[in-house]
């Protein structure tokens, strides 16, 4: 077994470790989405729309970590697949309300089960308490950077 490389000057840096984690999780998410003919980020977008009805696409993009045009592209594909639908906002005709269709709710549950299975080794390695602590710490870091 090869010896782990020393982080050197980066020993106290969050960024490189966060990038490694993001890359590993993204690769798994991409594989899951691709098997269902959906773009990466579809599960995140579906879940955020479902949990936050009537939220603007700008707010959804921010929480999903996407630029607005990337979010619109994902929503376009989800709409073409019948997983979300758009309706003009009654109070502001320039805005759309996006909602998850019943088929979208089903697809979201299937995708989540697959992604959840991919993350299971992480939860197993950390245990419940440390997993909860990690999520709380990540939320604090994200809030700090926003």
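The values are calculated or read from the model by the stated rules, or taken from the named source; none is laboratory data. Because the structure is a prediction, the values reported are computed rather than measured. Virtual Cβ from ideal backbone geometry, glycine too; neighbours counted across all protein chains shown.
Name the residues in region 37-77 that are within 22 Å of residue 110 (Cα to Cα), part of a helix (DSSP H, G or I) and free of Cβ contacts under 8 Å to residues at least 12 places away in the same chain, would you? Matches in region 37-77: 51, 76. Filtered by the rule that a residue be over 30 Å from residue 88 (Cα atoms) and either surrounded by 11 or more Cβ atoms within 10 Å (Cβ to Cβ) or in contact (Cβ under 8 Å) with a residue 40 or more places away in the chain (or both), region 20-33 gives 21, 22, 24, 25, 26, 27, 28, 29, 30, 31, 32. Against the test of being in a helix (DSSP H, G or I), more than 14 Å from the chain's Cα centre (by Cα), closer than 21 Å to residue 138 by Cβ and at pLDDT below 95, the options 24, 18, 34 yield a single qualifying residue, 18. Only one of the numbered conditions (1) free of Cβ contacts under 8 Å to residues at least 24 places away in the same chain; (2) touching a strand residue (DSSP E or B) at 6+ places or on another chain (Cβ under 8 Å); (3) surrounded by 14 or more Cβ atoms within 10 Å (Cβ to Cβ) is not met by residue 97, and that is (1). Of all the numbered requirements in (1) part of a loop (DSSP other than H, G, I, E, B); (2) in contact with a helix residue (DSSP H, G or I) (Cβ under 6 Å, 6 or more places away or on another chain); (3) surrounded by fewer than 15 Cβ atoms within 10 Å (Cβ to Cβ), residue 5 misses one, and that requirement is (2).
Going through 41, 15, 73, 54 one at a time, which residue ends up being at positive phi and loosely packed, with under 15 Cβ neighbours inside 10 Å?
Details: 41 fails: loosely packed, with under 15 Cβ neighbours inside 10 Å; 15 fails: at positive phi; 73 fails: at positive phi.
Just one listed residue meets the conditions, 54.
In this structure, is residue 133 surrounded by fewer than 16 Cβ atoms within 10 Å (Cβ to Cβ) and assigned to a helix (DSSP H, G or I)? Yes.
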